[in-house]
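Read the structure below first, then the notes.
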Amino acid sequence: MIVMKDNIILIGFMGAGKTSVGKYLSVQRPLLDVDQMIEQAAGMSIRDIFASQGEEAFRRLETRVLKELCEDTEHAIISTGGGLPLRVENRELLAKLGTVVFLRVTTDTVLKRLAGDTTRPLLQGADKEQKVMALLAERNTVYEQAAHIVIDVDDKTLSQIGQELSEGVLRLQKKGQGAG
Ligand code: S3P
């Protein structure tokens, strides 16, 4: 896979820590958060976008923001929503945008981290465990396919994850594929 731009993009399931890892790394590079950009552009929360316009409309907004980032963003760390890599078009855009890092989590970690969360429309209602298990089973292969680097994040500190990420980027650079 040839990397076109020098951004680092964090992908992975809800609760994987994309935003936290992004903030941790933002001392090195400016942080852009796709979900936040969507909320700013729409003038409402993701929960309200899902409720008033539906998931498909939200997915279109994700693609639009990704296209904008592909046009003018360099040397940033970009945190994404957990469903963004699901569209083929988005995976192609991700590959152009930079080095894609998959933060991989287990069901237990997601449930622990998101207990009581009301902001993720896909995980509301009964049977949260079933929902997380089903979505993870469906998505993990997609995340793996989209990623240049995979990091298992359960029980790791931000500094350990940051270290693994830097090592992964360095390895890719040596192969002539990494973020600059
Ligand atoms: C979603 C993940 C959320 C947000 C939306 C949909 C998903 O982002 O984009 O609720 O489909 O997995 P986080 O992964 O940051 O929670």
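For LEU111, which of the numbered conditions (1) free of Cβ contacts under 8 Å to residues at least 12 places away in the same chain; (2) more than 28 Å from LEU172 (Cβ to Cβ); (3) in a helix (DSSP H, G or I) fails to hold?
(1)
Could you pull out the residue among GLU144, GLU167, GLU138 that is over 19 Å from GLY81 (Cα atoms), modelled with pLDDT of 95 or more and charged (D, E, K, R)?
That would be GLU167, the only listed residue that is over 19 Å from GLY81 (Cα atoms), modelled with pLDDT of 95 or more and charged (D, E, K, R).
List, please: which pairs have Cβ atoms under 7 Å, are six or more places apart or on different chains, and start with a residue in the range 48-70 that is of a type in the set (Lys, Arg) and end with one that is in a helix (DSSP H, G or I)?
Note: pairs meeting the criteria are LYS67/LEU93.
Among the residues of the range 114-130, is there at least one that is farther than 28 Å from MET44 by Cα, outside any strand (DSSP E or B) and touching a residue at least 24 places away in the same chain (Cβ under 8 Å)?
Checking the range 114-130: not a single residue is farther than 28 Å from MET44 by Cα, outside any strand (DSSP E or B) and touching a residue at least 24 places away in the same chain (Cβ under 8 Å).
What single numbered condition from (1) part of a helix (DSSP H, G or I); (2) more than 22 Å from SER20 (Cα to Cα) fails to hold for GLN177?
(1)
Only residues that are assigned to a loop (DSSP other than H, G, I, E, B) and crowded, with 18+ Cβ neighbours inside 10 Å: list them for the range 153-174, please. Write out each step before concluding.
Going through the range 153-174, the residues assigned to a loop (DSSP other than H, G, I, E, B) turn out to be 153-157.
If the condition is that a residue be assigned to a loop (DSSP other than H, G, I, E, B) and crowded, with 18+ Cβ neighbours inside 10 Å, then VAL153 is the only one that fits.
Quick check: is even one residue across the range 131-152 over 28 Å from GLU89 (Cα atoms) and either in a helix (DSSP H, G or I) or in contact with a Phe, Trp or Tyr (Cβ under 6 Å, 6 or more places away or on another chain) (or both)?
no
The values are calculated or read from the model by the stated rules, or taken from the named source; none is laboratory data. Given the structure is predicted, the values throughout are model-derived calculations rather than measurements. When we count neighbours, we look across all protein chains shown, and the Cβ atoms used for this are built from the backbone with ideal geometry, even at glycine.
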